[in-house]
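Everything on this sheet refers to the single structure shown next.
The values are calculated or read from the model by the stated rules, or taken from the named source; none is laboratory data. Given the structure is predicted, the values throughout are model-derived calculations rather than measurements. Backbone-built Cβ (ideal geometry, glycine too); neighbour counts: all protein chains shown. Side chains are part of the model used for accessible areas, which takes the heavy atoms of the whole protein and leaves out ligands, DNA and RNA. Shrake-Rupley method; radii C 1.70, N 1.55, O 1.52, S 1.80 Å.
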Amino acid sequence: MLVRVRYAPSPTGYQHIGGVRTALFNYLFARAKGGRFILRIEDTDRDRFMEKALEDIYRTFDWLGFHWDEGPDIDGSYGPYCQSERLKLYQKHTEELINSGYAYFCYCSPERLESIRKIQQKEKMPLGYDRHCRNLTDEDRKRLEKQGTKSVIRFKVPPDGSTSFHDELLGTIEKTNYDINPDPVIIKSDGFPTYHLANVIDDHSMKITHIIRAQEWLSSAPLHVLLYRAFGWEVPKYCHLPMVLGQDGQKLSKRNGATRVVEFIEKGYLPEAIINYIALLGWSFDDSREFFTLKELEELFSLDRLNKAPAVFDYKKLDWFNGNYIRKLPKEELREKLIPYLKQDKLIGDQLTAEEERIVTGLVPLVQERLQVLSDVTPMVRFLFREVAEYNIEELIPQKLDAAGTERVLEKISVLLQDFSGSSNEEIEQLFRDLAKELGIKLGGLLMLLRVTLTGSRVSPPLLESIRLLGLKKTMGRINRVLKLLSGRS
């Protein structure tokens with residue numbers, strides 16, 4: 001049996017990290033089994049359809065770097081791959097359900113349905129359709145149609161018994177038919193199918209062998225199994241993936257942080273880090289290994305290594321992964337990835353000057369070990385391109401010194417730096433040690449004074465390398481500016 005799996009997003013919103021994990025697990029399973037990975041666009045909800053969301057699907061996976069074998073943009077034997085182009089197929093199969101007694105026309109108005117819902121809520125009854133139109137006579141239907149009453153088509157859920165199926169991860173799942181959505185709509189009044197009908201028909205007609213999806217769809221599975229049986233079709237194998245939770249234990253959402261893939265892209269995560277990290281959300285190879293290339297994941301992935309427990313999305317762990325991948329980048333490649341962020345924050349122009357080229361090339365080795373995401377670069381190196389906006393005098397003054405004492409220390413540093421250009425880092429470091437000893441202050445306090453003077457921050461790239469990039473002229477200019485501030489303070 002050729003394994004065939006699918007990712008079936010609805011273009012009603014931007015791609016989120018949970019959906020990408022579902023797509024990745026389907027892709028990896030197909031590759032591990034030598035099967036096919038299909039993209040199907042479930043665009044039957046025309047009221048919520050967004051063209052930008054459709055574009056985002058393609059943009060997201062282009063960025064991630066893995067692709068489907070069949071889809072709207074790749075010819076296959078089971079297209080079309082957009083549900084809005086498959087309406088005749090849904091109509092054909094719906095007629096089969098009606099003729100076999102598994103479906104019926106419903107003429108209930110939205111007002112009646114709302115009235116029923118309110119009564120059910122008031123009486124604390126189970127919510128759902130009351131099957132009012134289930135047993136209408138032919139005469140009743142003809143009369144309603146003659147009146148021009150709009151209709152939908154509903155599927156007959158057996159009122160008694162239960163429905164069960166096997167899940168590859170969770171084992172046997174059984175649900176009483178009473179608890180399944182009573183007679184759900186399968187064709188809306190606009191002629192478009194609902195998710196449940198289209199999903200089942202498409203999975204069957206596209207010969208999907210395994211349905212690997214998030215556990216939020218677990219409650220829909222018994223209804224889908226009933227639809228398969230009504231058609232007389234074989235039920236694919238199900239595997240409902242563990243939930244992805246925020247660190248607060250709640251379902252991952254905007255309140256937990258970024259969830260849309262475009263946000264991760266904009267912040268400066270690398271696709272390799274995202275793929276590696278989300279592959280470990282509910283799956284593991286062993287108890288120790290954490291780093292995998294996409295190619296390695298394609299070879300090692302299997303459903304029997306999935307975990308039943310929910311996975312927790314840890315942004316700090318993702319940052320750690322991303323930092324590791326940044327450090328592995330060739331310096332020229334990292335340089336090209338950082339330039340858009342420097343341009344975005346207007347630290348450099350669209351066309352780099354010779355001086356900007358020098359600084360950009362020089363800053364890469366200084367920041368590579370310190371970046372967690374690419375966007376970290378701009379606050380880290382702003383001082384190389386812009387003057388320090390303002391100084392916090394309290395941060396400048398070392399412990400046990402006042403403004404006047406700090407002024408004297410900075411004057412001596414200024415003299416020491418006169419020979420900076422012709423000296424090695426080791427020689428300059430020794431001069432700083434000697435100066436700190438002479439002044440009776442800690443070396444760390446002396447260097448922090450210089451760091452804040454030059455960068456405006458207590459955190460920056462390596463100090464001596466930063467001075468070389470900044471240049472002695474700008475370095476002395478900032479020292480003189482701070483000296484004036486200290487003079488006024490003292």
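Can you find, within segment 28-56, the residue that is least open to solvent (accessible area, probe 1.4 Å) among those that are under 18 Å from D304 (Cβ atoms) and of a type outside the set (A, V, I, L, M, F, W, C)?
If we filter segment 28-56 for residues that are under 18 Å from D304 (Cβ atoms), which is where we start, we get 28-35.
Pick out the ones that are also of a type outside the set (A, V, I, L, M, F, W, C) and you get 31, 33-35.
On the way: R31: 74, K33: 125, G34: 56, G35: 11 Å².
In this case the residue turns out to be G35.
Checking the structure you have, find out if any residue of segment 458-471 is out of contact with any strand residue (DSSP E or B) (no Cβ under 9 Å at 6 or more places or on another chain) and over 23 Å from E355 (Cβ atoms).
Restricting attention to segment 458-471, the residues satisfying the condition of being out of contact with any strand residue (DSSP E or B) (no Cβ under 9 Å at 6 or more places or on another chain) are 458-471.
Add one more test, that the residue is over 23 Å from E355 (Cβ atoms), and what stays is 458-459.
Yes, segment 458-471 contains at least one residue that is out of contact with any strand residue (DSSP E or B) (no Cβ under 9 Å at 6 or more places or on another chain) and over 23 Å from E355 (Cβ atoms).
Condition first: open to solvent by less than 20 Å² (accessible area, probe 1.4 Å), under 21 Å from G18 (Cα atoms) and not small (G, A, S). Now tell me which residues in segment 209-233 satisfy that.
Listed by number, the residues that qualify are H210, I211, I212, R213.
Residues of segment 388-428 being among the charged types (D, E, K, R) and either within 21 Å of S457 (Cβ to Cβ) or buried (at least 17 other Cβ atoms within 10 Å of the Cβ) (or both), which ones? Working first, answer last.
Just the residues of segment 388-428 that are among the charged types (D, E, K, R), to begin with: 390, 394-395, 400, 402, 407-408, 411-412, 419, 426-427.
Across segment 388-428, the qualifying residues are E390, E394, E395, E407.
Among R131, R143, which is surrounded by 15 or more Cβ atoms within 10 Å (Cβ to Cβ) and of a type in the set (K, R)?
Matching residue, one of R131, R143: R131.
List every residue pair whose Cβ atoms sit under 7 Å apart, with the two residues 6 or more apart in sequence or on different chains, where the first one lies in segment 107-123 and is without any contact (Cβ under 8 Å) to a residue 12 or more places away in the chain and the second, anywhere, is open to solvent by 90 Å² or more (accessible area, probe 1.4 Å).
R117/L127; Q120/L127
Quick check on this structure: which one of T94, T60 is closer than 30 Å to F264 by Cβ, modelled with pLDDT of 95 or more, open to solvent by less than 50 Å² (accessible area, probe 1.4 Å) and within 40 Å of the chain's Cα centre (by Cα)?
Numbers: T94 fails: closer than 30 Å to F264 by Cβ.
Result: T60 is the single residue among T94, T60 that is closer than 30 Å to F264 by Cβ, modelled with pLDDT of 95 or more, open to solvent by less than 50 Å² (accessible area, probe 1.4 Å) and within 40 Å of the chain's Cα centre (by Cα).
How about segment 342-365: which of its residues are assigned to a helix (DSSP H, G or I) and open to solvent by 30 Å² or more (accessible area, probe 1.4 Å)?
Going residue by residue through segment 342-365, those that are assigned to a helix (DSSP H, G or I) are 342-344, 354-365.
Answer for segment 342-365, where residues must be assigned to a helix (DSSP H, G or I) and open to solvent by 30 Å² or more (accessible area, probe 1.4 Å): K343, Q344, A354, E355, E356, E357, R358, T361, P365.
Scan (1) within 23 Å of the chain's Cα centre (by Cα); (2) open to solvent by 40 Å² or more (accessible area, probe 1.4 Å); (3) basic (K, R) for the single condition K88 breaks and write down its number.
Here K88 meets the rest and fails (1).
Would you mind stating whether L136 is open to solvent by less than 70 Å² (accessible area, probe 1.4 Å) and not charged (D, E, K, R)? If you could, list the steps in order and put the result at the bottom.
Numbers: open to solvent by less than 70 Å² (accessible area, probe 1.4 Å): yes; not charged (D, E, K, R): yes.
Yes: the conditions hold for L136.
Provide a single number: the residues in segment 5-18 that are in a helix (DSSP H, G or I) and either among the acidic types (D, E) or open to solvent by less than 10 Å² (accessible area, probe 1.4 Å) (or both).
Going through segment 5-18, the residues in a helix (DSSP H, G or I) turn out to be 17-18.
With either among the acidic types (D, E) or open to solvent by less than 10 Å² (accessible area, probe 1.4 Å) (or both) added as a condition, the list becomes 17.
Number of matching residues: 1.
Kindly list the number of the only condition in (1) within 27 Å of D47 (Cα to Cα); (2) more than 36 Å from the chain's Cα centre (by Cα); (3) hydroxyl-bearing (S, T, Y) that fails for Y78.
All conditions pass for Y78, except number (2).
Restricting segment 429-445 to residues that are part of a helix (DSSP H, G or I) and among the small types (G, A, S), which is most open to solvent (accessible area, probe 1.4 Å)?
Initially, segment 429-445 is screened for residues part of a helix (DSSP H, G or I), giving 429-439, 443-445.
Subsequent filtering for residues that are among the small types (G, A, S) retains 436, 444-445.
Working: A436: 4, G444: 50, G445: 25 Å².
Filtering segment 429-445 for residues that are part of a helix (DSSP H, G or I) and among the small types (G, A, S), the one most open to solvent (accessible area, probe 1.4 Å) comes out as G444.
Going through segment 310-331 one residue at a time, which ones are in a loop (DSSP other than H, G, I, E, B), open to solvent by less than 60 Å² (accessible area, probe 1.4 Å) and not aromatic (F, W, Y)? It would help to see each step written out before you state the result.
Of segment 310-331, the ones in a loop (DSSP other than H, G, I, E, B) are 310, 313-314, 329-330.
Filter once more, so that each one left must be open to solvent by less than 60 Å² (accessible area, probe 1.4 Å): 313-314, 329.
Passing the criteria: D314, L329.
Inspect all residues belonging to segment 270-286 and state whether any of them is in contact with a Phe, Trp or Tyr (Cβ under 7 Å, 6 or more places away or on another chain), surrounded by 20 or more Cβ atoms within 10 Å (Cβ to Cβ) and among the polar types (S, T, N, Q).
yes
Within segment 140-255, which strands (runs of 3 or more DSSP E) (wholly inside it) include 2 or more residues that are in contact with a Cys (Cβ under 9 Å, 6 or more places away or on another chain) and not β-branched (V, I, T)? Don't jump to the end; show me each part of the working.
Values: elements: 152-155, 162-167, 171-176, 185-187, 210-214, 237-241.
In segment 140-255, 210-214 are the strands (runs of 3 or more DSSP E) which contain 2 or more residues that are in contact with a Cys (Cβ under 9 Å, 6 or more places away or on another chain) and not β-branched (V, I, T).
Limited to segment 99-127, what total is found for residues that are under 19 Å from S189 (Cβ atoms) and assigned to a loop (DSSP other than H, G, I, E, B)? Even if it seems obvious, please write down each step before you answer.
Quick first cut of segment 99-127, residues under 19 Å from S189 (Cβ atoms) only: 103-117.
With assigned to a loop (DSSP other than H, G, I, E, B) added as a condition, the list becomes 107-109.
Counting residues in segment 99-127 that are under 19 Å from S189 (Cβ atoms) and assigned to a loop (DSSP other than H, G, I, E, B) gives 3.
Quick test for you: out of R458, R408, pick the one residue that is under 45 Å from the mean Cα position of the chain (by Cα), at negative phi, at pLDDT below 95 and not β-branched (V, I, T).
On the way: R408 fails: under 45 Å from the mean Cα position of the chain (by Cα).
Answer to the selection: R458.
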